[in-house]
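Rule-based calculations on the coordinates, nothing more; no lab input. Every value quoted in this text rests on a predicted model; they were computed, and no experiment measured them. Positions of Cβ are backbone-derived with ideal geometry, glycine not excepted, and every protein chain shown enters the neighbour counts.
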Amino acid sequence: MSRITMLLLLVFLGACTSQAQQAERQARQEQTDAVDDFVAISELEEVELIRTIDRFEYDQLTDSYVIVTTRKKYYLVQFFGRCRELTTWDADVQPDFRYDAKALHAGVDTIRGCRIKTMYEIDEVQAQELEQIGVAPGEERTPTT
């Protein structure tokens, strides 16, 4: 294969990769915008802390939002900006900071090293609706803990 052919092939592959990455970024942004709209339309009220007693679980919605589940309640949690640590499991994640071992506090505590900006109490139905944002029919979202 000549150098010119190889160079053209590399340029073509680079352009395809760039377009795929741009489409992925746009899809992530649209999902985040949809969650922002859900918060505004549902007029969710912010809470300052989530009582966790001993532990909690979370499901990632976007790079900016997770749903935190405690024993009996559900919460929508927003981070300051994108939390890349949610999708990069092999990354060097900072240890979580807890102001109080039995609660999560907005503006102070972290999940996977990402600082919590706001938290909203939601019910189970709202949690299910949020989990379906951006999921194609027949596709399932994989939970994280």
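For CYS83, nonlocal amide neighbours, meaning residues 5 or more places apart or on other chains whose placed amide H falls under 5 Å from its own, are SER64. A simple rule links phi to the HN-Hα coupling: the Karplus curve 6.51 cos²θ - 1.76 cosθ + 1.60 with θ = phi - 60°, which for the range 44-53 gives 5, 9, 6, 10, 7, 8, 10, 6, 10, 6 Hz, with x for Gly and Pro. Straightening the chain between ILE4 and VAL125 buys 37.8 nm, computed as 0.36 nm per residue apart minus the Cα-Cα spacing. Each residue of the range 66-72 is assigned a 3J(HN,Hα), and the resulting list reads 9, 9, 9, 10, 9, 4, 10 Hz, derived from the Karplus form 6.51 cos²θ - 1.76 cosθ + 1.60 (θ = phi - 60°), x at Gly and Pro. In this simple spin-label model, placing a label point 7 Å from the Cα along the Cα-to-Cβ direction at both GLU57 and ASP33 gives a separation of 3.2 nm. Rounded to the nearest whole Hz, the Karplus-based 3J(HN,Hα) values (6.51 cos²θ - 1.76 cosθ + 1.60, θ = phi - 60°) of the range 119-129 follow the sequence 9, 10, 7, 10, 9, 4, 5, 5, 4, 5, 4, with x at glycine and proline.
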